[in-house]
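Asker: Quick one: structure below, then a few questions.
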Amino acid sequence: MVGAGLRHRADVGSTQALRYPAGSGPRYRGHVRCIVLSDLHVHRKPEAGENRTLERLVAHLRQRFAAGTRPHVVITGDLTDNGAEDEYHRVVALLRPLVEDGFVLTACPGNHDVGLKGNSFMTSARIDFQRHVLGELLGMARARSSSDRMAELYPLVTQGSDAVLVGLDTANDEGMLASGRIGRRQLELLREIVSERDRGKGLLVFLHHHPFDRRRSMRVEDAEAMLDLLDGQADVLCFGHRHVWGKWPGYRNIGVVLASGKSTKQERRRGPWYWEVTVGRGAPQWARRLLPRR
Ligand SMILES: [Fe+2]
Ligand SMILES: [Fe+2]
């Protein structure tokens, strides 16, 4: 879909041969539209390149989607570069216009959100993510606490009209450094969410780390357990972290697995881009939207 006079170059795909277990197939009614962003790496200084690119993305989304058609915005971690509180203030300032316009935001933390350069772990940084991103930006009252409540808040579930969005926290273990872990508690809750959901609704799951790259700096230690749960159940699985985009339709019988790369990366020849995904009571669809050159 092209809106507000902006031209998009799209790489459009859709699931052709999903294998759902009997009785759980899509029913082709409504859907929820999601914009997927990742790895914003917002800096404290307003003039930083990432901040300017995010400003441009936000302006584009506000212009493209008219009131009443605002999609969900899913952010798969590394919102900040160093998990510093002044960076979180900047994140809130940059993304607040979307909330004020009526976009529904959801997010999960990345390794850069919980410590310096993505290679350290500070509980204070996780609390800053909780307070500023979940509390201020997403408007979650329970998150506006100075104590660590992240374990109570994830998996973070957003009930859309025709789809359920589920965020996982993979940046919860101080021993993991750049790699991630979901943990038994979140996996158990994810199992419940998957089995008890309205099966007519679509299911989009998102996390920060890479679900099947096994390199130490990329991986989620317990990704296999998550993939077993989502096999034949999830319509879309989104992640970030690697700063390289990708798409894997049908991987582990999931409608599509999408890597968002780094949404605030300015490539020499082209502007930033984002995934536009529709998920709901039909097969998921996805399109890679590039902003027009300036
Ligand atoms: Fe990142
Ligand atoms: Fe990361």
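Asker: Inside the range 166-199, can you point out the residues that are exposed (fewer than 15 other Cβ atoms within 10 Å of the Cβ) and small (Gly, Ala, Ser)?
Answerer: Matches in the range 166-199: Gly175, Ser195.
Asker: Ok, one more. With Glu136, Glu174, Glu152 as the choices, which residue is within 16 Å of ligand 2 (Cβ to nearest atom) and not hydrophobic (A, V, I, L, M, F, W, C)?
Answerer: Checking each option against the conditions leaves just Glu174.
Asker: Right, here's the next one. Kindly list, by first and then second residue, each pair from a residue in the range 238-261 that is within 14 Å of His41 (Cα to Cα) to a residue that is away from ligand 1 (no atom under 16 Å from the Cβ) and among the basic types (Lys, Arg), limited to pairs with Cβ atoms under 7 Å and residues at least 6 apart or on different chains.
Answerer: none
Asker: If you check Asp235, Asp231, which single one turns out to be surrounded by 24 or more Cβ atoms within 10 Å (Cβ to Cβ), modelled with pLDDT of 95 or more, over 16 Å from Pro155 (Cα atoms) and not hydrophobic (A, V, I, L, M, F, W, C)?
Answerer: Testing whether each residue is surrounded by 24 or more Cβ atoms within 10 Å (Cβ to Cβ), modelled with pLDDT of 95 or more, over 16 Å from Pro155 (Cα atoms) and not hydrophobic (A, V, I, L, M, F, W, C) leaves just Asp235.
Asker: While we're here: Can you name every residue in the range 66-87 that is within 14 Å of ligand 2 (Cβ to nearest atom) and assigned to a strand (DSSP E or B)?
Answerer: Those that are within 14 Å of ligand 2 (Cβ to nearest atom) and assigned to a strand (DSSP E or B): Ile75, Thr76, Thr80.
Asker: Are any residues in the range 238-258 surrounded by 17 or more Cβ atoms within 10 Å (Cβ to Cβ), in a loop (DSSP other than H, G, I, E, B) and more than 16 Å from ligand 2 (Cβ to nearest atom), and if so, which ones?
Answerer: Result: Ile254, Gly255.
Asker: Looking at (1) free of Cβ contacts under 8 Å to residues at least 60 places away in the same chain; (2) within 16 Å of ligand 2 (Cβ to nearest atom); (3) under 28 Å from Val164 (Cα atoms), which is the one condition that is false for Gly110?
Answerer: For Gly110, the exception is condition (1).
Asker: Out of the range 34-51, which residues are away from ligand 1 (no atom under 16 Å from the Cβ) and modelled with pLDDT of 95 or more?
Answerer: Cys34, Ile35
Asker: Name the residue, out of Leu61, Leu79, that is touching a residue at least 40 places away in the same chain (Cβ under 8 Å) and within 12 Å of Ile35 (Cβ to Cβ).
Answerer: Among Leu61, Leu79, only Leu61 is touching a residue at least 40 places away in the same chain (Cβ under 8 Å) and within 12 Å of Ile35 (Cβ to Cβ).
The values are calculated or read from the model by the stated rules, or taken from the named source; none is laboratory data. Here the structure is a predicted model, which means the values were calculated and not measured. As a convention, Cβ positions derive from the backbone with ideal geometry for all residues, glycine included, and neighbour counts pool all protein chains shown.
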